[in-house]
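Comments concern the structure below.
The values are calculated or read from the model by the stated rules, or taken from the named source; none is laboratory data. Quantities reported herein were computed from a predicted structural model and do not represent experimental measurements. Glycine also receives a Cβ, built like all others from the backbone with ideal geometry; neighbour counts cover every protein chain displayed. We work out accessible area using only protein heavy atoms, side chains counted, and drop any ligands, DNA or RNA first. Shrake-Rupley method; radii C 1.70, N 1.55, O 1.52, S 1.80 Å.
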Amino acid sequence: MKKKVALIFVAMMSVCLLSACGNTDTASASASSQPQSTAAKATEPQTQEETETVPAGSIPALDEIREIPAAYFQESSQPGTIERVEYQTASYTDPDETQDKYAYIYVPYGYDETRQYDVLYLLHGGGGSVGTCFGGEGQSSELKRILDNLIANGEMEPLLVVTPTFYSMGNTDNSVSTAGELVAHFPAELTNDLIPAVESQYSTYAETTDPQGLTASRGHRAFGGFSMGAVTTWYVFMENLDYFHTFIPISGDCWAIATQGGGSQPEETAGVLEQALEDSGYGPEDFFIYAITGSEDIAYPMMSSQIQAMQDLPDSFHFGTENGAENIRFAVLDGGVHNYDYVRRYLYNLMPLLWHPGT
Ligand code: FER
């Protein structure tokens, strides 16, 4: 796999096509922009209405989606740990019943309860399980070793990474229709049950885990996912902007209008995303979406159609800085396909931008 990696910014493609253009959000232009901190960590507990969020327009663009160096697959001398968080949630097939579930959580090396940590909630794709990203308690998956090495090398702030499942525990139904229903329900489970369980046990920016505390700390909380996890990410954007600032949809479109609706009905899909933003009371300066996929990924056609339609809504979605702070980027890896090797590679490249040390 020595193929040269190229980044295609769809913003650039559709706005400029073959002509010269003044859009500065290109791979070559971004190479010269200085990476700045985006995690906006506060050192004191926050008492104001909302904790500080990512500074407007400060998230650098990827100039290249690099391969993960071999050394990052090795055990770090500063390993974090994978722990398990139990919670109860509604059984969405029978609202009168509850079910016991758990998620795994990556706890960085040197975790210190007296400090506050950003949190990424990261969801697997269709047919995955709670162990897809991190295996299980005490285990050392490739993704874990990559996070350990990024943090140990000072390339990324230590953060918590929570990996739940949208399935019931022990699920055996891997149909797309079931997954589609479950992910549409997942925002309720996430906000009512999972986040309070996690953030009452671990030290995050949430001073309390009631809606007020979770809203106040939204600048330090991100949601991302692969495939059906990306479909979920778009739902979380629509329903939970009050709890989340940063979104990382990896290889999946928004299904709010229809299954694969980002592809079949891109304008309508972009429209409901914009409407959800308006309904939330938040504005274009209040979020950041880093969408990513590969040119050969099965979800690429759907995702790129949706993103192009979102570019036609420049009041809400700022691909570039012409209308205010940039709030969405779409990166495409030439040749990238729909599997977890690429998910790890995307996260290896994106996470140090979003949680850059040295605030
Ligand atoms: C898509 C969005 C999500 C898509 C596939 C998925 C093929 C997910 C599939 C899975 O997780 O099984 O547009 O197109």
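Total residues in the stretch 169-207 satisfying the condition of being among the aromatic types (Phe, Trp, Tyr) and either more than 20 Å from His245 (Cα to Cα) or within 16 Å of the ligand (Cβ to nearest atom) (or both): the figure is 1.
Name the single residue that is surrounded by the most Cβ atoms within 10 Å (Cβ to Cβ) among those in the stretch 92-144 being part of a strand (DSSP E or B) and free of Cβ contacts under 8 Å to residues at least 12 places away in the same chain.
First, pick out the residues of the stretch 92-144 that are part of a strand (DSSP E or B): 94-107, 117, 119-123.
This time we only want the ones that are free of Cβ contacts under 8 Å to residues at least 12 places away in the same chain, so: 94-98.
Working: Asp94: 9, Pro95: 8, Asp96: 6, Glu97: 9, Thr98: 13.
Result: Thr98.
The residue pairs whose first member lies in the stretch 208-233 and is more than 10 Å from the ligand (Cβ to nearest atom), whose second member is of a type in the set (Lys, Arg), and whose beta carbons are closer than 7 Å, counting only pairs six or more residues apart or on different chains, do not exist in this structure.
Checking the condition more than 30 Å from Glu296 (Cβ to Cβ), within 15 Å of the chain's Cα centre (by Cα), open to solvent by 10 Å² or more (accessible area, probe 1.4 Å) and at pLDDT 95 or above, which residue from Tyr202, Tyr235, Tyr243 passes? Even if it seems obvious, please write down each step before you answer.
Details: Tyr202 fails: within 15 Å of the chain's Cα centre (by Cα); Tyr235 fails: more than 30 Å from Glu296 (Cβ to Cβ).
Of the residues listed, the single one that is more than 30 Å from Glu296 (Cβ to Cβ), within 15 Å of the chain's Cα centre (by Cα), open to solvent by 10 Å² or more (accessible area, probe 1.4 Å) and at pLDDT 95 or above is Tyr243.
Kindly evaluate Val337 against the criterion of being open to solvent by 30 Å² or more (accessible area, probe 1.4 Å), within 13 Å of the ligand (Cβ to nearest atom), under 28 Å from Arg145 (Cβ atoms) and in contact (Cβ under 8 Å) with a residue 40 or more places away in the chain. For Val337, the condition - open to solvent by 30 Å² or more (accessible area, probe 1.4 Å), within 13 Å of the ligand (Cβ to nearest atom), under 28 Å from Arg145 (Cβ atoms) and in contact (Cβ under 8 Å) with a residue 40 or more places away in the chain - is met.
Every condition in (1) surrounded by fewer than 17 Cβ atoms within 10 Å (Cβ to Cβ); (2) in contact (Cβ under 8 Å) with a residue 12 or more places away in the chain is met by Gln275 except one, and the failing one is (2). Taken together, the residues in the stretch 296-334 that are in a loop (DSSP other than H, G, I, E, B), within 16 Å of the ligand (Cβ to nearest atom), open to solvent by less than 50 Å² (accessible area, probe 1.4 Å) and of a type in the set (A, V, I, L, M) amount to 1. Kindly establish whether Ser280 is surrounded by fewer than 22 Cβ atoms within 10 Å (Cβ to Cβ) and of a type outside the set (A, V, I, L, M). Judged against the criteria, Ser280 is a match.
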